[in-house]
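The values are calculated or read from the model by the stated rules, or taken from the named source; none is laboratory data. Computed from a predicted model, the values in this text were never measured in an experiment. Here the Cβ is made from the backbone with ideal geometry for all residues, glycine too, and neighbour counts use every protein chain on show. Ligands, DNA and RNA are stripped out before the accessible areas are found, and what is left, the full protein with its side chains, is counted by its heavy atoms. Shrake-Rupley method; radii C 1.70, N 1.55, O 1.52, S 1.80 Å.
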Amino acid sequence: MKTEHWLDDPRNVRKLWLGFLVVLALTVIAGAFVDLHPHFEIESWFGFNAAYGFVTCLLMIVGAKALGIFLKKPDTYYAKDERNE
Amino acid sequence: MSSVVLHPALILIAGALLLPLLRGNARNIAVLSAPTFALIALWLLPEGKLWQVPWLDYSLAPLAVDKLSRLFATIFLLMAAVGGLFALRQQSRLEVPAAFLYAGSAVGVVLAGDLVTVFLFWEFMAVGSTLVLWSAGTSTARAASMRYAMIHLAGGVILFAGVAGQIAATGDANFHAMQADSIATWLILIGFLINAGAPPLAAWLPDAYPEASWSGTVFLSAFTTKTAVYVLLRGFPGTEILIWVGIFMIFYGIVYALLENDMRRILAYSIVNQVGFMVVGIGIGTEMALNGAAAHAFAHIIYKALLLMSAGAVLAATNRRKCSELGGLFHSMPITTLCGTIGALAISSFPLTSGFVSKSMVTQAAIDGQLQTVWLFLAAASAGVFLHAGIKFPWFVFFQKDSGLRPADPPASMRWAMIFFAFLCIALGVYPDSLYALLPYTVNYVPYTTAHIITQLQLLLFSGLAFFVMLDHLKRTPTITLDVDWLWRVAGPALSRMGGTTLAALRLAVTAPLASVATHLRSRIERESRHDGLLHRNWPTGTMATWVMILLLTYLVLDFSAL
C-alpha cells in the first residue's frame, strides 16, 4: 500500500517505537559501564534518572488531571464576558 | 555627557517612529536595519557609565554598560531584527513599530544605570507591548490588551512607589544590588516579579500573549519577562525567597500547559515555566547560578521565539489554534515542523541544543550548593519541560492524528527567520563557549561530560515514555483551565455588579422615606406661603421680644454652665 509519507505507514511507526525502546534501554545499561558521578546519595541508585523522570512525569500528569477536575471549563467560558466588553 | 555616543535603545525607538512614514521596500529595509544599527552601536560602546545626567539632587546614568547589560541588550536587539524579518508580511502597520518601541524600551531598561531611567523605560515597555497586542485587531485581543495594561500599570505603580521610597531613604538613585529588607525594596521586588510572571498574578501572561497576531506573540514572548529576569539579576541576586518563587513558577507552568488545548497558550505557560528556572538561579545567587540564569535567558529567547514562530506559521496558514483541530501538518509543512521540533528539543535541554548548555548551569549551582531538595525539583522539572512543551507541542500540532489540513510552509521571510533561529539553537549547543564568553562571570563549567549526557538522556527519554504511555489521558479536549485571571474577569465584575445592586437597593431604602418627608415639607411650605399662611402673616412685636428674651436667657445659661 502506497502512503502519502513514510511516517503514515504503521510498519515504520512500529520500527520507530522499537528504536525508541532500544535507546531507552541503552541509556539505562550505559549507567552500568560509565561512572555517572552521582552528586547526591540518591543519584547513585542504578537507573535513578530514568525512574525519576518517568515517575515524576506520571505524577505531574496525575496532578494536572486532578486540578483539571475542578478547573476545566468549556473553551467558550469567557466568550460571554468578551461580548459585553 | 558625551554626545558622540549613540544610545542603542533610542536608535530602535527612532526607527519605530520612522516606520509608519515608510512604505514598500523602504519600510522593509528600515525594519531590518534599525535593530542592526542599534546592535552595531551597542557593540561599539565601551563599558562604564557613559551618560551622566544631573536631575534634581541625583545623578542619573541613562546609558551604562557592563557585561550583563550588553548580553541582554544583544539578545533583545537580535530578537527585534529576526522578529522584524518574521513579521515583514504582517498586514497591521501598527504592530512592528509598536514592537520596536517595546524592544527599544526593553534595551533602555537593561542599559539604565539608575532606577529612574529603569522606571521610565519600564512604562514605555508596557505601552509598546499593549499596542502590539491591540494591533491584532480582534475584539478578544482588545479586551485582553485592556486587562494586560491594567496589570502592568498596577505593577508600574508598585514599582514607582518602591523606587521613590528607596531614593528617599538612601539618597542614591543608582541601580545596584539591593536587599529585600525595607518596604521600598520589597515594593521594587514585587514590581519586578509581576513582570516576570510570578505568582499570584502570573495569569496575565497566558491570558494576553496568545491573543496577539501570528507575529505579535513572537515579540511579546521575548522582552517583558526577560527584562524582569535582568532587573532581578542585577537588583536581587541571592534573595532566597526567589528559589521558591521560581520552583512554583516551574510547576505551575507545567501543570497548566499539560491541561491546555490552545497551542500558543501551551507555549505561554511554558514561558512562565522557563522564567522559573532563571528565577531559581537568581535566588541561589552564586556566580555559576547567575551565569546560568543569564545564559538561560539568552537561549530561551531564541528557542521560545522559534517555537512561537512555528506556531505563528501554522496559525497564519490554517487560522486554527487548538490542538484538537490540528495535527498531521508534517505532510505539507516540513520546514515548519523541523524548526518547531528543533525549538522543542532546545527548550527540553537535549544535548547539542542551547538549552542543554544553559539550564544545566542552574542545576549545577544547586548541586554545588548541596541543595538536594532544590535539585530534585529541578530534575523533575527538566523532565516535565519535555513532557509539556518538548513533546506535547510538536506532537499535537504537527503529528498525532491527521487533521486532513495540507497548508504549505510559510513565505520566505518567515521561513528564513525560523531557519536562522533554529541554526542558533544548535550552534549555541555545539559551541557553548561563544555564549559563555558573553556571560557576566568567568565560566568554569564543562557541559559535555559522558555522565551528564547519559543522565540527561535518561531523564528526558523516560519522560517521553511517560508521555506516550499516558497519551490517552493527554488527548486534547476543547476546554480551558481556569486561572487566577478568573478573579478579574469573572469574580471582580460580578462582585462589582453585586455591590452596585446592593448600593442601589440601599440608596432606595434611604431616599424613599426622605423623599416623602421632603414632599411633605414642600407642600407644607407652599401651604404656609399662601397669603393667609404662617409665613405670610403679620406677627406682633411682642412675640419677637419674647423670642429675643428666650435667646438671651439661653446664652446666659450656657455661659454659666460653661464655668
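Observations on the model:
- Within the stretch B:416-431, the residues that satisfy the criterion of being aliphatic (A, V, I, L, M), open to solvent by less than 60 Å² (accessible area, probe 1.4 Å) and either within 20 Å of residue B:292 (Cα to Cα) or not assigned by TED's automatic domain parsing to the domain that holds residue B:294 (or both) are B:424, B:427, B:428.
So that you can scan it fast, the table gives a plain yes or no per residue for (1) more than 7 Å from every other protein chain (Cβ to nearest Cβ); (2) among the β-branched types (Val, Ile, Thr); (3) touching a Phe, Trp or Tyr at 6+ places or on another chain (Cβ under 8 Å):
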site	(1), (2), (3)
A:3	yes, yes, no
A:31	no, no, yes
A:34	no, yes, no
A:46	yes, no, no
A:50	no, no, yes
A:63	no, no, no
A:68	no, no, no
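- Selection status of residue B:439, at the interface with chain A (Cβ under 10 Å from one of its Cβ atoms) and not acidic (Asp, Glu): no
- Restricting attention to the stretch B:341-354, the residues that are part of a helix (DSSP H, G or I) and open to solvent by 10 Å² or more (accessible area, probe 1.4 Å) add up to 3.
- Residues in the stretch B:182-212 that are surrounded by fewer than 24 Cβ atoms within 10 Å (Cβ to Cβ) and in a loop (DSSP other than H, G, I, E, B): B:182, B:199, B:200, B:201.
- Residue ID - farthest from the other protein chains (Cβ to nearest Cβ), chosen from residues in the stretch B:379-396 that are over 30 Å from residue A:8 (Cβ atoms) and not hydrophobic (A, V, I, L, M, F, W, C): B:382
- Evaluated against (1) within 30 Å of the chain's Cα centre (by Cα); (2) farther than 27 Å from residue A:53 by Cβ; (3) outside any loop (DSSP other than H, G, I, E, B); (4) of a type outside the set (Ser, Thr, Tyr), residue B:507 falls short on exactly one condition, (1).
- Every test in (1) surrounded by 11 or more Cβ atoms within 10 Å (Cβ to Cβ); (2) farther than 30 Å from residue B:486 by Cα is passed by residue A:14 save one, and that test is (1).
- Given (1) part of a helix (DSSP H, G or I); (2) of a type in the set (Phe, Trp, Tyr); (3) away from every other protein chain (no Cβ under 14 Å), number of the condition residue B:248 does not satisfy: (3)
- A count restricted to the stretch A:23-40 and to residues that are hydrophobic (A, V, I, L, M, F, W, C) and open to solvent by 80 Å² or more (accessible area, probe 1.4 Å) stands at 3.
- Cβ-Cβ distances below 8 Å connect the following pairs, each with a first residue in the stretch B:491-517 that is closer than 30 Å to residue A:77 by Cα, a second residue that is open to solvent by less than 80 Å² (accessible area, probe 1.4 Å), and a separation of six or more residues or different chains: B:493/A:81.
- Counting residues in the stretch B:497-506 that are within 14 Å of chain A (Cβ to nearest Cβ) and either loosely packed, with under 11 Cβ neighbours inside 10 Å or not small (Gly, Ala, Ser) (or both) gives one or more.
- Candidates B:490, B:517, filtered to the one that is farther than 30 Å from residue A:69 by Cβ and either more than 11 Å from chain A (Cβ to nearest Cβ) or within 30 Å of the chain's Cα centre (by Cα) (or both): B:517
- Residues of the stretch B:231-264 classified as among the aromatic types (Phe, Trp, Tyr) and crowded, with 24+ Cβ neighbours inside 10 Å, total: 1
- Subset of the stretch B:21-30 that is in contact with a helix residue (DSSP H, G or I) (Cβ under 7 Å, 6 or more places away or on another chain) and over 14 Å from residue B:91 (Cβ atoms) - its residue that is most open to solvent (accessible area, probe 1.4 Å): B:22
- Boolean, residue A:74 is more than 7 Å from chain B (Cβ to nearest Cβ) and not polar (S, T, N, Q): no
- When every residue of the stretch B:415-427 is checked against the conditions, none turns out to be aromatic (Phe, Trp, Tyr) and farther than 30 Å from residue B:218 by Cα.
- Against the test of being in a helix (DSSP H, G or I), of a type in the set (Gly, Ala, Ser) and under 16 Å from the mean Cα position of the chain (by Cα), the options B:268, B:311 yield a single qualifying residue, B:268.
- Verdict on residue B:304 being open to solvent by less than 10 Å² (accessible area, probe 1.4 Å) and out of contact with any Phe, Trp or Tyr (no Cβ under 9 Å at 6 or more places or on another chain): yes
- One residue stands out in the stretch B:448-459 among those that are of a type in the set (A, V, I, L, M) and facing chain A (nearest Cβ under 7 Å): the one that is farthest from residue A:28 (Cα to Cα), namely B:451.
- The sole residue among B:69, B:92, B:105 that is closer than 30 Å to residue B:417 by Cα, assigned to a loop (DSSP other than H, G, I, E, B), among the polar types (S, T, N, Q) and open to solvent by less than 40 Å² (accessible area, probe 1.4 Å) is B:92.
- Among the conditions (1) over 30 Å from residue B:332 (Cβ atoms); (2) open to solvent by 30 Å² or more (accessible area, probe 1.4 Å); (3) under 18 Å from the mean Cα position of the chain (by Cα); (4) at the interface with chain B (Cβ under 10 Å from one of its Cβ atoms), residue A:56 misses just one, which is (2).
- Only one entry in B:338, B:371, B:376, B:405 is open to solvent by 30 Å² or more (accessible area, probe 1.4 Å), in contact with a Ser or Thr (Cβ under 6 Å, 6 or more places away or on another chain) and within 14 Å of another protein chain (Cβ to nearest Cβ), namely B:405.
- Residue B:399 meets each of the listed conditions (1) within 13 Å of chain A (Cβ to nearest Cβ); (2) under 27 Å from residue A:33 (Cα atoms); (3) in contact (Cβ under 8 Å) with a residue 60 or more places away in the chain apart from (2).
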